[in-house]
Amino acid sequence: MGKVIVMDHPLIKHKLTYVRDINTGAKEFRELVKEVAMLMAYEVTRELPLEEIEIETPLTRAKSEVISGKKLGIVPILRAGLGMVEGMLNLLPTVKVGHIGLYRDPETLQPVEYYCKLPTDLQERDLIVLDPMLATGGSAKAAITFLKERGATNIKLMCLIAAPEGVKVVHDEHPDVDIYLGGLDEKLNDHGYILPGLGDAGDRLFGTK
Ligand code: URA
């Protein structure tokens, strides 16, 4: 079964508190989401393989480690996932960025893909799917399924906040996917919002309310 890794760093906890706060305005909210994503990038890349290369310091030749050419990609789920992209790119400036847009069909209630643009060499990349709020888990589950259908084999999911219900839905369908969370909250309310949560992440990022 995939792991659930809940961040345990004071900086992330501190910043998430202000992300949650209703009195945090859109400008500060965006900045904080970016910073939390950047700090989480540190943890989500912890197991990247290293290789030794030879360099010359000003004093001597030396062997030293670099990341071993691992190909990465990040895939924000539109639209709220966009808020996490810049923070990831701050630490991982050369990753490729794919995008997936999903809506829920009002009749079948199934997620339908309306936009999908992915790196052409998807099969060779380790992918990190970005979705700030893992609520019912429907979109994340569907996005991961779409990526697997296109050949992706190594996928992680990174969210600012999750409800236990969403974690279960993703892991029931995708037990191979590790889930990285800024915080794991109590539950969903009757409208599918995470409690205590932060409200609607997309609306708070883009000021549409
Ligand atoms: N999407 C959000 O933006 N917030 C929630 O609480 C649940 C889903």
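No value in this document is a laboratory result; all are computed from the given coordinates. This one's a predicted model, so the numbers in the text were calculated from it and none came from an experiment. As a convention, Cβ positions derive from the backbone with ideal geometry for all residues, glycine included, and neighbour counts pool all protein chains shown.
General observations
- Bridging of LYS3 to aspartates and glutamates at a Cα separation below 19 Å is possible for GLU43, GLU47, ASP126, ASP131, GLU165, ASP172, GLU173, ASP176, ASP178, ASP185, GLU186, once same-chain residues fewer than 8 apart are set aside.
- Taking other residues whose beta carbon is less than 15 angstrom from the beta carbon of LYS15, and scoring Lys, Arg as +1 and Asp, Glu as -1, yields -1.
- Sequence-separation-based contact order of segment 17-155, relative, with Cα cut under 8 Å and 6+ spacing, percent: 21
- Filter on LYS13/LYS63; LYS156/LYS187; LYS27/LYS96; LYS13/LYS71; LYS71/LYS148; LYS13/LYS209 - keep pairs with C-alpha separation over 28 Å: LYS13/LYS63; LYS13/LYS71
- Lys, Arg +1 and Asp, Glu -1 on Cβ, resulting dipole of segment 4-206 about Cα centre, debye, nearest 20: 360
- Residue with peak Gaussian network fluctuation, the chain [Cα springs, cutoff 10 Å], from GLU51, GLU28, GLU86: GLU51
- Virtual spin-label span in nm between ARG46 and ASP21, 7 Å along Cα→Cβ: 2.8
- Bins of 5 Å from zero: percent of alpha-carbon pairs in the chain: 1, 7, 15, 19, 20, 15, 10, 5, 3, 2, 1, 0, 0, 0
- Summing +1 for each Lys or Arg and -1 for each Asp or Glu among the other residues whose beta-carbon sits under 13 angstrom from that of ASN90 gives -2.
- Computed FRET value (nearest 0.05) for GLU186 with HIS14, which takes r as the C-beta separation and R₀ as 22 Å: 0.65
- Of the DSSP H helices in the chain, those that are both long (alpha-carbon extent of 18 Å or more along the helix axis) and hydrophobic (Kyte-Doolittle mean at least -0.5) are 26-44.
- Within the shell defined by Cβ-Cβ distances under 12 Å, the residues around THR24 carry a net charge of +2, with Lys and Arg each +1 and Asp and Glu each -1.
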